[in-house]
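Worksheet: one structure, shown below.
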Amino acid sequence: MNLGMIVSRNARRWPDKIAVVDADAGRRMTWQQFDQRVNQLAHALLASGLHKGDRAAIYARNCHHGLELFFASAKTGIIAQPLNWRYTPNELAQTLRDGAPRVIIVSKEFTDPYNSIKDALPFIELSVGIGGNNGLDTEYEEFLAAHSSAEPETMKEVSDDDVLFLLNTGGTTGVAKSVAIKHLNALSVGLNIAAAGDIRESDCYMSIGPMFHSAVFAALSFIVNGTKIVTLNFEPRRALEVIQQEGVTSFTAVATMINYLTEAAGANSFDTSSLRLIIYGGSPISVATLQRALKIFKGADFLQVMAQTESGVLSLLLPEEHRRALETENFRILESCGRGAVLSDVRVVNAAGHDVPKDGRTPGEMLVRGPGIMKGYWNMPALTAETLRDGWCYSGDIATWDEDGFMYVVDRKKDMIISGGENIYSSIVEEAVCKHPGVKECAVIGVPHPVFGETVKAIVVLQAGRAATAEEIIATCKQNLASYMKPTSVDFVTELPKTPAGKILKRILREKYWAGEKRQVGGV
């Protein structure tokens, strides 16, 4: 199935129903208007010389333009590449070199960082500005205006096995990876969530997760049902205002966002009675945060989604399971990531590839197979072959499972930290720490944080006779990393624990900071 058909169908079925509200731009569109703009963008890209398989990037925060590119790509076979606007210019240039888009759409606020690297990106043939020309080749509305709003003929040439977009994710070696997502992958994620959340045409969905991540997946769960979609860049009080103004019934957030919403000044003064379903992921939610949320969002149910860019949805903790845990005060279940999703087959296996016992104690790696699994890593066949084996996607998450099939993530095979829903690979941070001239060696780990679940800590051994402060180390990282990746604290030690082969024993380092915690990964 070509996902562009969904917007075309919605335009025929509900031509005058509001489809998209860009809360930041103050723009509202019906399904017919939205479909027409998608078609105009599709024709504009084709007229620029792009063909099926070529890439078109967008460098912008959440906005209606991102949704338009997503569906214009679907209708043409052009591959969308949403860019992580939190990246430094150098990180951004690396991502762009990986995807090599021929066209880039850039919002006004990111014109300067784009211009600082554009000379190193000769493959970009056309730049399009949102909010003005801003010194780029053309302006977005002008780019669309000259083109037809009719359905492009290319719709017939695109199938569910074609790549729809590239999503960037970190790498354990410090090299960013672009994950190729097919139409079928995106649709299966959407249908998994739609089935678990009982999504309805009468819903109103607020999209507050960054669209350079997989936020568009959750939005798709609602778009397939003709639901009104509200795009917004997250700020707690503003999100509460929009819930009240638009009658939002659902949104997706990491647990950190829910924490911010419950603690926003005057949170209780907003009318959030329209909310019926809060979807969250990134990490389990703590009982304390859940209970605070229930006091503010009275009547809302909760749905936990455990997903990866590579594998789609692995597991779900359903609304009725949240209710039962609270009613019976069996809070243990809230520490789980639920059970395998409807369209996903999940296993927990040992190093030999055999299923571990469902005893709630024996750890193993989570494997998943199903229609949500990526096409592969873009331009990385060896890594793709390592991750996708015999039809299974190896997640890198270490978990136990109990006799009822509830899975509990206890560690990560991949050396990764999740802070506020953002994936941070320690090797990338370690490389940045070591740029300080006083550092001999270091180890970066995640430690508990009351708001973000985990936060980044650097443990540093200094060169003999050299001195450095924590502030200096963090400042060095800030010059070389996106802000959310830098350490929030630094400990200095005389040596790091190591194996006889010289590998740093991060397990021993973590023990000091995670003592007394139930999980070896963070939950808010």
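Take every Cα pair under 8 Å whose residues are at least 6 apart in sequence, average their separation, divide by the length of the chain, and the relative contact order is 11 percent.
Around the Cα centre of region 416-514, unit charges on the Cβ atoms of Lys, Arg, Asp and Glu (plus for the first two, minus for the last two) sum to a dipole of about 200 debye. The residue list H213, L184, A255 was ranked by how far each Cα lies along the charge dipole of region 133-288 toward its positive end, using unit charges on Cβ atoms, and A255 comes out on top.
How much length would be gained if the chain were fully extended between R9 and V410, taking 0.36 nm per residue of separation minus their Cα-Cα distance, in nm to one decimal? Mind dumping the intermediate values first?
Details: separation 401, 0.36 × 401 = 144.36 nm, distance 4.34 nm.
Result: 140.0 nm gained on full extension.
Take the Cβ atoms of A470 and E125, set R0 to 51 Å, and the FRET efficiency comes out at 0.65.
Shape verdict for region 208-280, please, from the Cα gyration tensor: rounded (a/c under 1.5), prolate (a/b greater than b/c) or oblate. Oblate is the answer for region 208-280, as a/c is 1.5 or above yet b/c matches or exceeds a/b. Report summary: the helix-based calculation at 222 nm, which adds -39500 (n - 2.57) for every DSSP H run with n ≥ 4 and divides by the residues of the chain, gives -9000 deg cm²/dmol. Cross-link partners of K52 among lysines, defined as those whose alpha carbon lies under 19 angstrom from its own and excluding same-chain residues fewer than eight positions apart: K75, K156, K182, K375.
Of the trypsin sites (Lys or Arg not before Pro) found in region 403-505, the ones in coil according to DSSP and having at most 10 other Cβ atoms within 10 Å of their Cβ are K503.
Over 29 Å between Cα atoms: which of K295/K486; K486/K512; K413/K498; K118/K478; K177/K506 fall into that group?
Details: K295/K486 34 Å; K486/K512 21 Å; K413/K498 18 Å; K118/K478 22 Å; K177/K506 24 Å.
Checking Cα-Cα distances, K295/K486 exceed 29 Å.
About the Cα centre of the chain, how large is the charge dipole given +1 on each Lys and Arg Cβ and -1 on each Asp and Glu Cβ? Please answer in debye to the nearest 20. Provide the component values of the computation, followed by the final result.
Details: 54 positive and 60 negative charges, 110 e Å.
Magnitude of the dipole: close to 520 debye.
Could you tell me the calculated FRET efficiency between V493 and N90, based on Cβ-Cβ distance and R0 = 22 angstrom, to the nearest 0.05? Kindly include the intermediate steps, with their values, before the conclusion.
On the way: r = 30 Å, r/R0 = 1.37.
Computed FRET efficiency for V493 and N90: 0.15.
What shape does region 112-184 take by its C-alpha gyration tensor, where a ≥ b ≥ c are the square roots of the eigenvalues and a/c under 1.5 counts as rounded, a/b above b/c as prolate, and the rest as oblate?
Numbers: a/c = 2.77, a/b = 1.03, b/c = 2.68.
The shape class here is oblate.
Loop-located chymotrypsin sites (Phe, Trp or Tyr not before Pro) across region 74-134 with a Cβ neighbour count of 16 or fewer within 10 Å are F123, with loop assigned by DSSP. Here region 226-317 is treated with +1 on each Lys and Arg Cβ and -1 on each Asp and Glu Cβ, and its dipole about the Cα centre works out to around 180 debye.
Find the percent of Cα-Cα distances in the chain that exceed 31 Å, and round it to a whole number. Mind showing how you got there, number by number?
Working: 63588 of 137026 pairs.
Value for the chain: 46 percent of Cα pairs lie more than 31 Å apart.
Simple rule: put +1 on each Lys or Arg Cβ and -1 on each Asp or Glu Cβ in the chain, find the dipole, and look at P448, F165, I18; the Cα lying farthest toward the positive end is P448. Which one, Q463, A432, M485, projects farthest toward the positive side of the charge dipole computed for region 416-514 from Cβ point charges (K/R +1, D/E -1)? It is Q463, whose Cα lies furthest towards the positive end.
What's the extension gain from A351 to R323 if we count 0.36 nm per residue and subtract their Cα-Cα distance?
Working: separation 28, 0.36 × 28 = 10.08 nm, distance 3.58 nm.
Stretched fully, the A351-R323 segment lengthens by 6.5 nm.
A crude spin-label estimate for the pair D390 and E141, with each label 7 Å from Cα along the Cβ direction, gives 5.8 nm. Taking a ≥ b ≥ c as the square roots of the eigenvalues of the Cα gyration tensor, an a/c ratio of 1.5 or more together with a/b no larger than b/c marks region 416-514 as oblate.
Beyond 23 Å, what percent of the Cα pairs of region 15-105 remain?
Considering region 15-105, 28 percent of its Cα-Cα pairs are separated by more than 23 Å.
The lysines within cross-link reach of K17, meaning a Cα-to-Cα straight distance under 21 Å and a gap of 8 or more places when in the same chain, are K228.
At 20 Å minimum axial length over the Cα atoms and a Kyte-Doolittle cut of 1.0, report the qualifying DSSP H helices in the chain, or say none.
Those that pass (Cα extent of 20 Å or more, hydropathy at least 1.0) are 183-197.
Stretching the chain fully between N330 and E517 yields a gain of 65.5 nm (0.36 nm per residue, less the alpha carbon separation).
Only the coordinates and a few stated rules stand behind these numbers; no lab work does. Because the structure is a prediction, the values reported are computed rather than measured. For neighbour counting, all protein chains shown are included, and Cβ atoms are generated from backbone atoms with ideal geometry for every residue, glycine included.
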